[in-house]
1. Please go through region 168-205 and give me each residue that is part of a loop (DSSP other than H, G, I, E, B) and under 16 Å from the mean Cα position of the chain (by Cα), ordered by number.
2. Quick check on this structure: which one of Thr191, Thr153, Thr109, Thr115 is modelled with pLDDT of 85 or more and farther than 21 Å from Glu231 by Cα?
3. Hey, any hits in region 210-217 for a residue that's modelled with pLDDT of 80 or more and either part of a loop (DSSP other than H, G, I, E, B) or over 22 Å from the mean Cα position of the chain (by Cα) (or both)?
4. Please go through region 131-145 and pick out each residue that is closer than 23 Å to Tyr181 by Cα and touching an Asp or Glu at 6+ places or on another chain (Cβ under 9 Å).
5. Using the structure shown, decide if Tyr125 is over 22 Å from Gly199 (Cβ atoms), touching a Pro at 6+ places or on another chain (Cβ under 8 Å), among the hydroxyl-bearing types (Ser, Thr, Tyr) and modelled with pLDDT of 85 or more.
Amino acid sequence: MTGKVDLAYAMQLAPADAIDYFTSKGYAIGFNWYDVQAEANAKAFTVSGVLKLDILADIQNGLAPALNDGDTERDIERKLLPLLEQKGWIGKGLVADPETGELWGKRLTPRRIGTIFSTNIQSSYAAGRWKQQVANKTERPYWQRVAVMDLNTRPRHALLNGFTAAADSPVWDYFYPPDGYGCRCRIRAFTRAQVEARGFAVHEPELYDIEQEYGIPGKTRTVKAMKIGGETYTADPGFGFNPGKVAFTPTLDKYATQAARQYITGSLTGPDFARGLAQALAGEASPQQIYPVAMLAGEPDSLRTVSVAQTAMPELSAE
């Protein structure tokens, strides 16, 4: 069956691309979602307020089979809640750090499990759909953003309903949905003849940098924005990346030098770096992607990581 695909339909099919993407994700532990860069969510499975690695693994292991089984959010809640209660997380709420006395953590509620479930499932399917659409972009070189237009649709996402741009537009590096928690938008691909016959306006808005608050009072991050209908559009904090293109790079400066160097050595000889180099040489580099290549001596939490942008890899390779 071909045609438009939404999340419910895709979950029934359990696409292999989405399953492979989800199960290949790494781990990232943060006090809150903003402790992990947006790009990390494309390959590192992050849960707000969950700090224990074994709890994070339990949640990921609980969600991965859902892609195969087509579980609903209610199914996930039923399976995970007893496990999390047994592990001692549910109901603890704020926990005191034994060394500093600082309080951290949040009570993981069924609603939060639902948010975790829907966001990660939709991001996984978006990555699978992106891969399919890229493979077919010669036949269907235009992509259109489609929103679910109902009473729950946020105005900013409704504004982009019908937004059409070339498949290779840099816009999709930052605004390929989902680009917010609860985002139900998707991308449809069209042929040139379909775009002309239906009178779709093809956009190529200018992308520019702005500062966006991301959850810590007084703290901002530089993100991409564009003007649509006279309004400034940005992805929600924590989003603004293409889940199918960006590989996870941990913040290595947090770690001891030797451990970080071991990670870099493994990364440089691993499949992610090889794939990134191949993409760069083929002219398909992502402007968001960087790869750590060296770690200078120093103490944890000091700036020591030497990285190379994927866009610069062809030049370095030639040298």
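The values are calculated or read from the model by the stated rules, or taken from the named source; none is laboratory data. Please read these numbers as outputs of a predicted model, since none were measured by experiment. In this analysis, Cβ positions are derived from the backbone assuming ideal geometry, glycine residues included, and neighbour counts consider all displayed protein chains.
1. Going through region 168-205, the residues part of a loop (DSSP other than H, G, I, E, B) turn out to be 168-171, 176-185, 191, 199-201, 203-205.
Once the filter is applied, which keeps residues that are part of a loop (DSSP other than H, G, I, E, B) and under 16 Å from the mean Cα position of the chain (by Cα), region 168-205 yields Val171, Tyr176, Pro177, Pro178, Asp179, Gly180, Tyr181, Gly182, Cys183, Arg184, Cys185.
2. When all the criteria are applied, what remains is Thr191.
3. No, there is no match, as no residue in region 210-217 is modelled with pLDDT of 80 or more and either part of a loop (DSSP other than H, G, I, E, B) or over 22 Å from the mean Cα position of the chain (by Cα) (or both).
4. Once the filter is applied, which keeps residues that are closer than 23 Å to Tyr181 by Cα and touching an Asp or Glu at 6+ places or on another chain (Cβ under 9 Å), region 131-145 yields only Lys131.
5. In short, no.
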